[in-house]
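K.L.:
Below is the structure I would like to discuss, written out as structure tokens.
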Amino acid sequence: MRRFVVGIAAFCAFSAAFAEAILADEQPARVQTALGARSGYTYMGPDTQALQDDDFSNPGMLWVDEGEKLWSTAAGPDGKSCQSCHGDARTSMRTVATRYPAFSPQLGRVISLEQQINYSRTAHQHADAFPYESEQLIALTAFISSQARGLPMNVSVDGPAAASFERGKTFFYQRRGQYNLSCANCHEQHAGDHLRGESISQGQLNGFPIYRELWQAMGSVDRMFAWCNQAVRAEPFAPGSQEYVDLELFERWRGRGLLIESPAVRR
Amino acid sequence: MADLILTRRDALAGMGATFLLLTAFPIRSFAADADTAEAIKAQFGDAVAQDGKVTLKLPALAETGNSVAITCTVDSPMTDTDRVARVVIFANRNPRPLIATMLFGPKAGQSVFSTNMRLSGTQDVIAIAEMADKSLWKATTRVKVTVGACDTLQSRY
Amino acid sequence: MPNTRIKVPETATAGDIVEIRAVIQHPMENGFNVTSAGVIIPVEIITDFVCEYDGGEVFRVKLEPGLSANPYFSFFLKATKTGPVDFHWLDQNGTKTDASVTLMVT
């Protein structure tokens, strides 16, 4: 029985290697950096890439449009919108997506972009925070992130962010779930190899929030992490949990230099 | 651990078993071709469609079945009398073979359209065009749809 | 009201065949997805789309769950005179979504 299974495994490994050799990839240089980091874009097929490149048919842009409307919508008792303080997002939000997650002096910990948006809403607009994965929060995150398109990810991991970074790094290399796999097992050791019909990406975050074909909807980084944890049959953490913020910080450092592509389209 | 060393017999047995496994158990639920014939009959009755006039542009290999781009062109002058009334698209292995019905109105410029469809697996996409004179024309294209390992997670998490 | 995006050329010459593109934000639930609790999400789709111009229909679609989410259509109209190009979507609950863009024809 065991030899049987090994025989099947050998056959699958052989076909996987063969398939990888056939599907050689030549991708535009703009999505690779000298560190060898590769955007998820480079692991997509031509149709998916074309969908992302065309701003009209990129489904993610529907959420960016929504976010743009929300940006100038008044909220809270003072009737202020994001625009009231931050003005034109094209200038004021230009580099934001490259810097988050970042240490928040007000909250005393590293926070994600979603959490920063909600902090501004509650502390400055005196309005209710948006729930995680709500249409509005994703739309605003997508709108703000898309302002940084073409700029390299550049998160700070020293000083007050150092502890969060270390925790995120530990998470990335820690095995979990019934399948007992760590993020690194697939996304570092086997990036570029194939799991059945699809190639494993490096799991970079420069395109988030993404329109994921599998979800037929937009999703945040937290949704992706929760999905990945479920995929290895591990209990996912709650959205907005510090574990996921720490992991996001480490991940964005790992892909530093990759250009922001939000909203990206992925399988 | 001597029994983990792969002998030639093991490799051949493995390959044979894999082949049997892959062919014996279909990965997704498929409609029978009879369901597709029924769906076509529901739209067009007993009329028979000839091959021709319709051109389908579809990827030979779709990396995700969730969104497959399709462009359908029907060869027609689109005059008041000589024109395309409607085009109906079918996917013969989807759980519901009927995908959509497209109708060209009097202000249509050309008998061409594009949209994105869902394909549950490798199968044939069939487009049947009904002309103003009630004649039917069709085109069939095979699209391979790859399946990713992680995609087998059913839930919407 | 679901978000829509329309692409109509700003100007055209009479007699030109111009491409029209339209997309509406909608999950097009096909009834095969399940929540994380294992409950089937019921079918929830846009059922009809129509584009009208110069007093007549350009293109109409009867949608089924087999179309992708955020249904996208590209089609062609023949420019005749300046006027609105109207878009209407109808979902299975009878909710209508409308959009309109003016096409300038010289």
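K.L.:
Do any GluC sites (Glu not before Pro) in the stretch C:1-87 lie in a DSSP loop with no more than 16 other beta carbon atoms within 10 Å, and if so, which?
P.N.:
Sites meeting the loop and neighbour criteria: C:Glu10.
K.L.:
Let me ask something else. Counting only helical runs of four or more DSSP H residues, what would the 222 nm mean residue ellipticity of chain A come to if each run contributes -39,500 (n - 2.57) and the total is spread over all its residues?
P.N.:
Result for chain A: -12500 deg cm²/dmol, rounded to the nearest 500.
K.L.:
Here's a follow-up. Take every residue in peptide B:87-95, count the Cβ atoms of other chains within 10 Å of its Cβ, and give the average of those counts.
P.N.:
For this peptide, the per-residue mean of nearby foreign Cβ atoms is 2.
K.L.:
Further question: Can you list residues whose amide H is under 5 Å from B:Leu61's amide H, if they're 5+ apart or on another chain and H is modeled 1.01 Å from N?
P.N.:
Amide H to amide H, under 5 Å and 5 or more residues apart or across chains, B:Leu61 pairs with B:Lys144.
K.L.:
Stick to the Cα atoms of the stretch B:38-157, pair each with every other, and give me the Kirkwood hydrodynamic radius in Å at one decimal. Each step should come with its number before you reach the end.
P.N.:
Working: mean 1/r = 0.0657 Å⁻¹.
Final number for the Kirkwood radius of the stretch B:38-157 is 15.2 Å.
K.L.:
Further question: Got a sec? Which residues in the stretch C:7-29 would a label at C:Met104 touch, if it sits 7 Å along Cα→Cβ and we count backbone N under 15 Å?
P.N.:
The answer is C:8-14.
K.L.:
Give, to the nearest whole percent, the P(r) tail of the stretch A:124-199 beyond 19 angstrom, counting all Cα pairs.
P.N.:
That fraction is 67 percent.
K.L.:
Over the Cα atoms of the stretch A:30-169, how large are the radius of gyration and the largest Cα-Cα distance (Dmax), in Å?
P.N.:
16.6, 49
K.L.:
Using Cα pairs closer than 8 Å and at least 6 residues apart in sequence, work out the relative contact order for chain A, in percent.
P.N.:
For chain A, the relative contact order is 27 percent.
K.L.:
Rounded to a whole number, what is D in µm²/s for the stretch A:115-267 from Stokes-Einstein with the Kirkwood radius over alpha-carbon pairs (37 °C, 0.692 mPa s)?
P.N.:
Value of D from the Cα-based Kirkwood radius: 201 µm²/s.
K.L.:
Mind checking the mean number of beta-carbon atoms from other chains within 10 Å of the Cβ atoms in C:15-28?
P.N.:
Numbers: counts 1, 1, 5, 2, 4, 1, 4, 1, 8, 1, 9, 2, 4, 2.
Across C:15-28, the average partner-chain Cβ count within 10 Å equals 3.
K.L.:
How shielded is B:60-71 by partner chains, expressed as the average number of their Cβ atoms within 10 Å of its Cβ atoms?
P.N.:
That average works out to 6.
K.L.:
Separation between the C:Glu19 and B:Thr79 pseudo-spin-labels, each 7 Å from Cα along Cα→Cβ, expressed in nm?
P.N.:
2.8
K.L.:
Exceeding 31 Å between C-alpha atoms, which entries from my cross-link table qualify? They are C:Lys7/C:Lys96; A:Lys69/B:Lys57; B:Lys144/C:Lys96; A:Lys80/C:Lys62.
P.N.:
In this structure, A:Lys69/B:Lys57; B:Lys144/C:Lys96; A:Lys80/C:Lys62 exceed 31 Å between Cα atoms.
K.L.:
Which value, to two decimals, describes the C-alpha radius of gyration of chain C once divided by 2.2 N^0.38 Å?
P.N.:
Against the empirical 2.2 N^0.38 Å value, I get 1.24 for chain C.
K.L.:
Another question, then. Please give the FRET efficiency for B:Thr140 paired with A:Asp55, using the beta carbon to beta carbon distance and R0 = 45 Å, rounded to the nearest 0.05. Don't jump to the answer; show the numbers that get you there.
P.N.:
On the way: r = 34 Å, r/R0 = 0.74.
The formula returns an efficiency of 0.85 here.
K.L.:
Kindly state, to the nearest 0.05, the FRET efficiency for C:Lys81 paired with A:Leu107, given R0 = 56 Å and r defined as their beta-carbon distance.
P.N.:
Using R0 = 56 Å, I get an efficiency of 0.40.
K.L.:
Could you work out, for the protein assembly as shown, what percent of all Cα-Cα pairs fall into each 20 Å distance bin, beginning at 0 Å and stopping at the bin that holds the largest distance?
P.N.:
20, 49, 27, 4, 0
K.L.:
As a footprinting exposure proxy, order C:Asp86, A:Asp158 by other Cβ within 10 Å, with the fewest listed first.
P.N.:
In increasing order of surrounding Cβ atoms, one gets A:Asp158, C:Asp86.
K.L.:
Rank these for me by crowding, B:Phe90, A:Phe56, going from fewest to most other beta carbons within 10 Å.
P.N.:
Ascending number of Cβ neighbours within 10 Å: A:Phe56, B:Phe90.
K.L.:
Hey, what's the Kirkwood Rh for chain A if you take every pair of different alpha carbons, in angstrom?
P.N.:
19.5
The numbers here are math on the coordinates, done by the rules we state, and not lab data. Only a predicted model underlies this, so the values are computations on that prediction, with no experimental measurement involved. Here the Cβ is made from the backbone with ideal geometry for all residues, glycine too, and neighbour counts use every protein chain on show.
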